[in-house]
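The values are calculated or read from the model by the stated rules, or taken from the named source; none is laboratory data. Here the structure is a predicted model, which is why all the values come from computation and not from measurement. Note that each Cβ is placed from the backbone with ideal geometry, even for glycine, and that neighbours are counted across all protein chains shown. With ligands, DNA and RNA removed, areas are computed over all heavy atoms of the protein, side chains included. Shrake-Rupley method; radii C 1.70, N 1.55, O 1.52, S 1.80 Å.
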Amino acid sequence: MSRIIGIDLGTTNSSVAVVEGGKAVIIPNERGERSTPSVVAFTNSGERLTGSLARRQAAVNSARTISSVKRHMGTEWKISIDGKAYNAQEISAMILRDLRKSAEEYLGEPVTDAVITVPAYFNDIQRQATKDAGRIAGLNVQRIINEPTSAALAYGLDHGAAQKIMVYDLGGGTFDVSIIEIGDGVVEVLATGGDNHLGGDDFDQAVTDYLVREFQRTERIDVRKDVAAMQRIREAAEQAKKELSVTESTTVQLPYLSQNQNGPVHLDCTITRAKFNELTRELVNRTAIPVQNALNDAGIAASELGKVLLVGGSTRIPAVQQKVKELTGKEPSHSINPDECVAQGAAIQGEVLSGGSLQLAGSDGGILLLDVTPLSLSIETVGGVASRLVERNSTLPVHYSQIFTTAAPFQSSVDIHVLQGERPMARDNKTIGRFKLKGIKKAMAGVPQIEVTFDIDTNGILKVSAKDLDTGKEQSITITANNKMSDEEIEQAIRDAEQYAAEDQIRRDAMTVCSEAQMLLTNVEQALAAEKKQLEKAERKQIKEECSRLKKLITKKTPEKMTYGELDEIKAAMKDLEYASACLNMSEYRP
Ligand code: AMP
């Protein structure tokens, strides 16, 4: 197998690395840069530009320049240039082709295989889209790995001691946080969380808005509709933000930004770091919840962290570093390069996949990388309940089977409705697939045994199958692009799950209590019909009264609207009915 390169396909910048002499080295592009801006442009003369050449001409050719295309991966987004529509995969492939070319020139041999990194929160469609982009660029994508995991891999190669680390990754467009355990040749992701719409671009936007407001206040000119002026302000805002990472104050000067009746008007505005911190405080604070969730999901306290690694260009912002310190009680580590470690980790994974003999420092075996799935997976069962088969943060690859049965007598097919999300009721989760298993042997409800299996491969791509263990009939689907969740939906699903957690719990409890009560009623009524003769009149009357009281309580409202007080009443009525019907033979009833 030829060398497998590692690619960090970033929102703002991309880089490529390869392992040489046991070390992951960054491959410079033809302009000698260690990272390539993820920008593609089509000039008016039909030339296609990538990287810094594309970025440099963005202000004068904004309609034909594409940046941050990663934000569109796996969506329906398209851009039409000279009558041809390009999707995000095709634009990304142009960047990948550039990186591949640099690697070929550096190595002096053809490169056909790569490991590409994605944000941990990328869903299956986005991962598939990234793989497709690689394919379009002529690369066999041997593995898709999560960016924070990749960073941990790069760190683990150099720093031996077994420990749990946090990777806090704030890039241009996304925020990812992962808790990872390194030790004994294993890099295991314990939990991951994040916000797909939080990154450096939002900081740029906050500064841009401020500059626009200041210009309006001092010059009384609103430039928001002036596309070229806005592009200049945005670029200057990003530059100012970067400068404020090292200095306490910076001045933005944009000559000839606009004009009024007296002639050209220039923008000249000083921004202090304190002002910048004030403008972006909310953004920095937004990283706190995912950090806490990831720690909770990993089941550890911040004090148990051995190291906190900062990844992504936006972690250079002093207020961000301060926030991380506040949240974890630890001085973040500066021992890895936040811009390069992701590509380096991917190269290490590539080397491992090609059979190389890399070792984690402190271990005497190879390296095993264990990643996780970002959301829980379930199927819909009786009463619209989402029965969970794979928990969020389960280690990949996942192979899990569970036996289900039929709810109605003589059912010859079952619908398998595959769901993704954290909510207990099916309708509140995202449908990611649906299929029918036909040809089930006809039998009483509850007799057929249907084995449902979820298989998630190491790239995070899911296959679901269902098999009737009696007839051997089997049906399966691989979840494909158009039925997957978007980023927004994933985030919404998690936000909703948090917001509605309390509401969900009571609904779930109500469903359980009502279905147990219904089961008790059916059994008592059947037993009563069977043993009519032997019962005392008074006993039968008592049982019937208790039955009708319980029936009234469970039909008064739908379970979703019940309060805990009402559930307690139902439970008490069940107890009374059980007590009254103790004389009946109800062998099938188990509370
Ligand atoms: P990445 O996606 O990791 O390449 O991160 C890119 C983001 O980091 C962009 O929003 C950059 O503006 C931001 N960035 C890069 N360098 C700095 C810096 N010195 N200070 C603040 N932000 C930075």
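Quick one: would you say A301 is within 23 Å of the chain's Cα centre (by Cα), farther than 21 Å from V212 by Cβ, more than 12 Å from the ligand (Cβ to nearest atom) and free of Cβ contacts under 8 Å to residues at least 12 places away in the same chain? Here the answer is yes, as A301 does meet what is asked.
Tell me the residue from L469, L520, L550, L577 that is at pLDDT 85 or above, closer than 30 Å to L375 by Cβ and not charged (D, E, K, R), please.
Result of the check over L469, L520, L550, L577: L469.
Condition first: in contact with a strand residue (DSSP E or B) (Cβ under 9 Å, 6 or more places away or on another chain) and free of Cβ contacts under 8 Å to residues at least 40 places away in the same chain. Now tell me which residues in region 307-322 satisfy that. Matches in region 307-322: Q321 only.
Could you count how many residues in region 86-116 are more than 15 Å from I27 (Cβ to Cβ), in contact with a strand residue (DSSP E or B) (Cβ under 7 Å, 6 or more places away or on another chain) and open to solvent by less than 10 Å² (accessible area, probe 1.4 Å)?
Taking region 86-116 first, the residues more than 15 Å from I27 (Cβ to Cβ) are 86-94, 112.
Applying the additional criterion that residues be in contact with a strand residue (DSSP E or B) (Cβ under 7 Å, 6 or more places away or on another chain) yields 86-87, 91-92, 94, 112.
Now restrict to residues that are open to solvent by less than 10 Å² (accessible area, probe 1.4 Å): 91-92.
Adding up the residues that qualify gives 2.
Residues of region 315-328 being more than 11 Å from the ligand (Cβ to nearest atom), closer than 20 Å to A152 by Cβ and not hydroxyl-bearing (S, T, Y), which ones? Answer for region 315-328, where residues must be more than 11 Å from the ligand (Cβ to nearest atom), closer than 20 Å to A152 by Cβ and not hydroxyl-bearing (S, T, Y): V324, K325, L327. I233: crowded, with 16+ Cβ neighbours inside 10 Å, within 16 Å of the ligand (Cβ to nearest atom) and either more than 14 Å from S314 (Cα to Cα) or free of Cβ contacts under 8 Å to residues at least 40 places away in the same chain (or both), yes or no? The answer is yes for I233. So for region 249-257 (the condition being surrounded by 16 or more Cβ atoms within 10 Å (Cβ to Cβ), within 18 Å of P318 (Cα to Cα) and in contact (Cβ under 8 Å) with a residue 12 or more places away in the chain), does at least one residue qualify? Yes, some residue in region 249-257 is surrounded by 16 or more Cβ atoms within 10 Å (Cβ to Cβ), within 18 Å of P318 (Cα to Cα) and in contact (Cβ under 8 Å) with a residue 12 or more places away in the chain. Which one is modelled with the highest pLDDT among residues in region 1-21 that are within 26 Å of R127 (Cβ to Cβ) and assigned to a loop (DSSP other than H, G, I, E, B)? Taking the candidates together, the pick is G10.
Which one is surrounded by the most Cβ atoms within 10 Å (Cβ to Cβ) among residues in region 179-198 that are within 16 Å of the ligand (Cβ to nearest atom) and either without any contact (Cβ under 8 Å) to a residue 60 or more places away in the chain or not charged (D, E, K, R) (or both)?
Restricting to residues being within 16 Å of the ligand (Cβ to nearest atom) and either without any contact (Cβ under 8 Å) to a residue 60 or more places away in the chain or not charged (D, E, K, R) (or both), the top hit is G194.
Of all the numbered requirements in (1) within 16 Å of the ligand (Cβ to nearest atom); (2) not in a loop (DSSP other than H, G, I, E, B), A24 misses one, and that requirement is (1).
Comparison of D132, D201, D176 shows that the only residue that is outside any strand (DSSP E or B), within 12 Å of the ligand (Cβ to nearest atom), touching a residue at least 24 places away in the same chain (Cβ under 8 Å) and not basic (K, R) is D201.
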